[in-house]
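Peer 1: If you scroll down you'll find the structure; I have some questions about it.
The values are calculated or read from the model by the stated rules, or taken from the named source; none is laboratory data. What you see is a predicted model; the values in this text were computed from it and never measured. Backbone-built Cβ (ideal geometry, glycine too); neighbour counts: all protein chains shown. Each accessible area value is taken on the protein alone, full model and side chains, heavy atoms only, with ligands, DNA and RNA left out. Shrake-Rupley method; radii C 1.70, N 1.55, O 1.52, S 1.80 Å.
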Amino acid sequence: MATATTTTPASPRTDWRQEWHEFEDATYLNLAGQSPMPKVSLKAIQAAIEAKKFPHHKPDSTFFEVPGRIRTNIARIIGAKAEDIAITTGATTGAIAVAHGIQWNPGDEVITAKSEFPLQYTTWMPMQEREGIKLKVISPRDRFLTADDIIAALTPKTRLVSISHVRYNDGSLLDAARVAKACHAQGALLLLDVSQSAAAVPMNVNDLDADFLICAGYKWLLSPFGTGFFWVNHKHLSTLRPDAYYWMAVAGSENFAALNFADPRPADAAKRWDAAEWASYFNFNLVGMDASVEFVANIGAETVAAHNRELIDFMYERLPMDRCIPASPLDAAQRGPYGCFTARSPEKTVELYEKLRKENIVVSLRDGNIRVSPYLYNSKRDIDRLISVVTA
């Protein structure tokens, strides 16, 4: 059994920019939308493509080394055990595994929130017809969704809360541990989407106390689109309903010469939810993910969080309040790794967003908010450039 690990901060450095290719004439402030992959990851993919020319040079163990390293480094990032991590094609894959794995009763309630990332609705709305559950979509009582909002919505019928750790549209950070405690007090489960926090917000699964984590890889994990992970609390391995699974998750499958065809059983690990035909060195996306998650695990979420906190605080200090309104918590302790703002009307917000993009300030427009998500390759000079366009 692997032991739980925690992220160790990397040594301070000021030359992160050299780890990426140049952005040409753009100021890239959109990591929460799509991360640019570091050079080390692109180099790894290129090497894997070359290796595909001569697959006979790779031993069978190659099929397991890459996914093994990925699980180990994700475990470092989230403070988990490697065997409790499945490698998926994104956050939705993990949500579907939970949706199909729970033994539902008619009338069971799933709680999510208004303006959540769409996977929450595409996962749970069909389950109302399939399983007879009820999806309850709550709204925040104040400006930002809080643990209190979710806890107040719990009922005796609540079976699962499915929610984001950091909301994609405003950057607000949920007190997940409080929600988990309230859920577990009445026998409900917590599924947490950490796509906008894993590797950018320090975390440990024992502190979060969630039952399931789902995550897309193409954001703060700096991985290719179509990658991700699903973490399941080990105690649920035996309680989730059996389902079809990837053949390489069969116990003993690492010995290709002695595969169990008569009575195959899944290994006592989360890899039974690995994306089928996915976990191999010859999957180029996975090779990129392998290099990327090692890179971010070595950096440490603390490093990213501190860097981005400084830049977003600086942005809010410089933002002209006569024409702009902060749309994220100003208290960094209640905010994820990015910040949002609007103009004084929805129409002016769209105009400002288009103006920024025209000037090659690459940000996102999400749910009516302009989202600014820097990374280690950004500096205050990039924020200055954004502000100069806003104020022009």
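Peer 1: What's the magnitude of the charge dipole for the stretch 247-392 around its Cα centre, counting Lys and Arg as +1 and Asp and Glu as -1 at the beta-carbon? Answer in Debye, nearest 20. Don't skip to the answer; put the middle values down first.
Peer 2: Working: 17 positive and 20 negative charges, 123 e Å.
Value, rounded to 20: 600 debye.
Peer 1: Quick check on the stretch 260-392: take the gyration tensor over C-alpha atoms, sort the square-rooted eigenvalues as a ≥ b ≥ c, and tell me if it's rounded (a/c under 1.5), prolate or oblate. Mind dumping the intermediate values first?
Peer 2: Working: a/c = 2.72, a/b = 2.38, b/c = 1.14.
In terms of gyration-tensor shape, prolate.
Peer 1: If you take all C-alpha pairs in the stretch 77-213, what percent of them are over 18 Å apart? Write out the running numbers ahead of the final one.
Peer 2: Numbers: 4835 of 9316 pairs.
When all Cα pairs of the stretch 77-213 are counted, 52 percent exceed 18 Å.
Peer 1: Using alpha-carbon pairs under 8 Å, 6+ residues apart, how would you state the relative contact order of the stretch 290-391 in percent?
Peer 2: Working: 108 pairs, mean separation 29.5, N = 102.
29 percent.
Peer 1: Tell me, what % of the accessible area of the stretch 66-174 is carbon and sulfur with a 1.4 angstrom probe?
Peer 2: Details: 2150 of 4000 Å².
Looking at the stretch 66-174 in its full context, I get 54 percent from C and S.
Peer 1: Going by Cα centres, the stretch 327-371 and the stretch 133-151 are how many Å apart?
Peer 2: A separation of 23 Å, based on Cα centres.
Peer 1: Moving to a separate point now. Leaving ligands, DNA and RNA out of it, report the carbon-plus-sulfur percent of the accessible area of the stretch 262-392 at a 1.4 Å probe.
Peer 2: On the way: 2610 of 5460 Å².
Here it works out to 48 percent.
Peer 1: Count the DSSP beta bridges whose two residues both fall in the chain, then state the antiparallel fraction as a percent rounded to the nearest 5.
Peer 2: Working: 21 of 40 bridges.
Here the antiparallel bridges make up roughly 50 percent for the chain.
Peer 1: Cα centroid distance between the stretch 202-216 and the stretch 57-93, in Å?
Peer 2: Using only Cα atoms to place each centre, the spacing works out to 16 Å.
Peer 1: Another question about this same structure. Quickly work out the ALA392-to-LEU330 label distance, labels modelled 7 Å from Cα along the C-beta direction, and quote it in nm with one decimal.
Peer 2: Here the answer is 2.8 nm between the modelled labels.
Peer 1: Under the definition of Cα pairs under 8 Å and six or more residues apart, what whole-number percent is the relative contact order of the stretch 350-392? Write out the running numbers ahead of the final one.
Peer 2: Numbers: 25 pairs, mean separation 16.4, N = 43.
Result for the stretch 350-392 is 38 percent.
Peer 1: Mind giving me the nanometre distance, one decimal, between the label points for ASP148 and ALA262, set 7 Å out from Cα along Cα→Cβ?
Peer 2: 6.3 nm
Peer 1: If you don't mind, there's one more thing I want to ask. Please say if the stretch 21-124 is rounded, prolate or oblate, where rounded means a/c under 1.5 for a ≥ b ≥ c the square roots of the C-alpha gyration tensor eigenvalues, and otherwise the choice is prolate for a/b larger than b/c and oblate otherwise?
Peer 2: Working: a/c = 2.58, a/b = 1.40, b/c = 1.85.
Taking the square roots of the gyration eigenvalues as a ≥ b ≥ c, the stretch 21-124 is oblate.
Peer 1: Putting +1 on Lys and Arg Cβ atoms and -1 on Asp and Glu Cβ atoms, find which of GLY252, LEU237, ASN283 reaches farthest to the positive end of the dipole of the stretch 236-291.
Peer 2: The residue sitting farthest along the positive end of the dipole is LEU237.
Peer 1: How large is the accessible surface per residue of the stretch 262-319, computed with a 1.4 Å probe and reported in Å² as a whole number? All intermediate terms of the calculation are to be shown ahead of the outcome.
Peer 2: On the way: 2220 Å² over 58 residues.
Here the residues of the stretch 262-319 average 38 Å² of exposed surface.
Peer 1: Follow-up question, since we're still on this one. Amide H of ASN369: which non-local residues (sequence gap of 5 or more, or other chain) have their own amide H closer than 5 Å, using H built in the peptide plane?
Peer 2: none
Peer 1: Roughly how big is the chain's charge dipole about its Cα centre, with Cβ charges of +1 (Lys, Arg) and -1 (Asp, Glu), in debye to the nearest 20? Before the final figure, lay out the partial values.
Peer 2: Working: 42 positive and 45 negative charges, 56 e Å.
Approximately 260 debye in magnitude.
Peer 1: If you don't mind, another one. Going through the cross-link list LYS43/LYS114; LYS81/LYS219; LYS114/LYS348, which pairs have a Cα-Cα distance over 30 Å in this structure?
Peer 2: Correct reply: LYS43/LYS114.
Peer 1: Now for a different question. Arrange the peptides 190-200, 170-180, 99-109 so that the one whose residues have, on average, the most other Cβ atoms within 10 Å appears first.
Peer 2: 190-200, 170-180, 99-109
Peer 1: With the Cα gyration tensor of the stretch 138-250 giving a ≥ b ≥ c as the square roots of its eigenvalues, does the rule (a/c under 1.5 for rounded; else a/b larger than b/c for prolate; else oblate) give rounded, prolate or oblate?
Peer 2: Numbers: a/c = 2.11, a/b = 1.18, b/c = 1.78.
Here the stretch 138-250 falls in the oblate category.
Peer 1: Also: Check which residues have an amide H placed less than 5 Å from LYS134's amide H, if you skip close sequence neighbours.
Peer 2: GLY107, ASP108, GLU109, VAL110
Peer 1: Among TRP20, THR342, ILE77, whose Cα sits farthest toward the positive end of the charge dipole of the chain (+1 at Cβ of Lys/Arg, -1 at Cβ of Asp/Glu, about the Cα centre)?
Peer 2: Comparing the listed Cα positions along the dipole, THR342 ranks first.
Peer 1: Working from the alpha-carbon coordinates of the chain, get Rg over Rh, Rh being the Kirkwood radius. Mind showing how you got there, number by number?
Peer 2: Details: Rg = 21.5 Å, Rh = 21.9 Å.
On the Cα set of the chain, Rg over Rh gives 0.98.
Peer 1: Report relative contact order for the chain in percent, whole number only (criteria: Cα-Cα under 8 Å, sequence separation at least 6). Intermediate values should be presented prior to the final figure.
Peer 2: On the way: 795 pairs, mean separation 97.4, N = 392.
Taking the mean separation of contacting Cα pairs over the length of the chain, I get 25 percent.
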